[in-house]
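The values are calculated or read from the model by the stated rules, or taken from the named source; none is laboratory data. These figures come from a predicted structure and were not determined experimentally. We place every Cβ from the backbone using ideal geometry, glycine too, and count neighbours over all the protein chains shown.
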Amino acid sequence: MVKSDEIFDKEDDKPDSPPPEKPKKPKRKLTEKQLENLAKGRAKMAEKRRLKNAGLKEEKEKKKKEEKEKKQIVKEEKKAVKEIKKEKKEQKQIRNRLLREQAREEEYFRELKQREIEDLKNNQLSDFQQLRTRYLLSCKTSKEYSELKQHLDSIDEETVLDKTKLRGALLDMISKYTKPKEKIKEPPKEEDNLKIDIDVRGLKKKN
């Protein structure tokens, strides 16, 4: 015998029936005029998008080109600055080299002048020494030798190197002696290189 509770449970276990479908509204059909206008509107919007996209693309390309040109200008400016620095460096090197060469030339000129002065000095000293020796070797007595040597020793190097002073000193020395029968000849001029040939043999000192 089936209980009443079981009957109700069986009824509850039955699946729910689907709700009744609503009747679908028929799709609205556009007229040919409306379809034409819609197509025109879509075409117009598409053209606007195309122009917009083209404009954006053109603007992008333009901006890209400007950036490229700007980079190129900056690159050229850097290159120009580098070239200027390089040129200045080369010019400085050339100028320094010229200055060094001029300094060497001037130093060499000074050396030549100093060498010439030394040579002239040595020549004058040598000429005076030869003159001095010739005078002393012409003496006949020790007294004559001593007196003449005393006069020659009084002539210092500064006087020897000054032709005018040397000539005056020699004339002063010669004036202290006279030949008994011959007149003392005047010494040659400076251009004769002070090679004064005086015969002191038989000279007699003035009283």
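Quick one: would you say TYR135 is more than 30 Å from LEU166 (Cβ to Cβ) and at pLDDT 85 or above?
Numbers: more than 30 Å from LEU166 (Cβ to Cβ): no; at pLDDT 85 or above: yes.
Answer is no for this residue.
Hey, can you tell me all the residues within the stretch 159-187 that are part of a loop (DSSP other than H, G, I, E, B) and either surrounded by 12 or more Cβ atoms within 10 Å (Cβ to Cβ) or modelled with pLDDT of 85 or more (or both)? Break it down stepwise before answering.
Looking only at the stretch 159-187, we keep the residues that are part of a loop (DSSP other than H, G, I, E, B), and these are 162, 175-176, 179-187.
Across the stretch 159-187, the qualifying residues are ASP162, LYS176, LYS179, ILE184, LYS185, PRO187.
One residue is enough: does the stretch 135-144 have a residue meeting the conditions among the polar types (S, T, N, Q) and under 16 Å from LEU120 (Cβ atoms)?
Quick first cut of the stretch 135-144, residues among the polar types (S, T, N, Q) only: 138, 141-142.
Adding the requirement that they be under 16 Å from LEU120 (Cβ atoms) leaves none.
So far as the stretch 135-144 goes, no, none of its residues is among the polar types (S, T, N, Q) and under 16 Å from LEU120 (Cβ atoms).
Taking the condition assigned to a helix (DSSP H, G or I), of a type in the set (A, V, I, L, M, F, W, C) and at pLDDT 80 or above, does ALA54 pass? Write out each step before concluding.
Values: assigned to a helix (DSSP H, G or I): yes; of a type in the set (A, V, I, L, M, F, W, C): yes; at pLDDT 80 or above: no.
So ALA54 does not fit the description; no.
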Report task. List the number of the failed condition for THR141; all other conditions in (1) under 48 Å from the mean Cα position of the chain (by Cα); (2) without any contact (Cβ under 8 Å) to a residue 12 or more places away in the chain hold. Result -> (1)
Query raised in the report: Mind checking which residues of the stretch 119-158 are assigned to a loop (DSSP other than H, G, I, E, B) and either loosely packed, with under 11 Cβ neighbours inside 10 Å or touching an Asp or Glu at 6+ places or on another chain (Cβ under 7 Å) (or both)?
Result: SER138, THR141, ASP156
Report task. Quick one: GLU90 ticks every box in (1) over 30 Å from ASP153 (Cα atoms); (2) over 39 Å from the mean Cα position of the chain (by Cα) except a single one, so which number is it? Result -> (2)
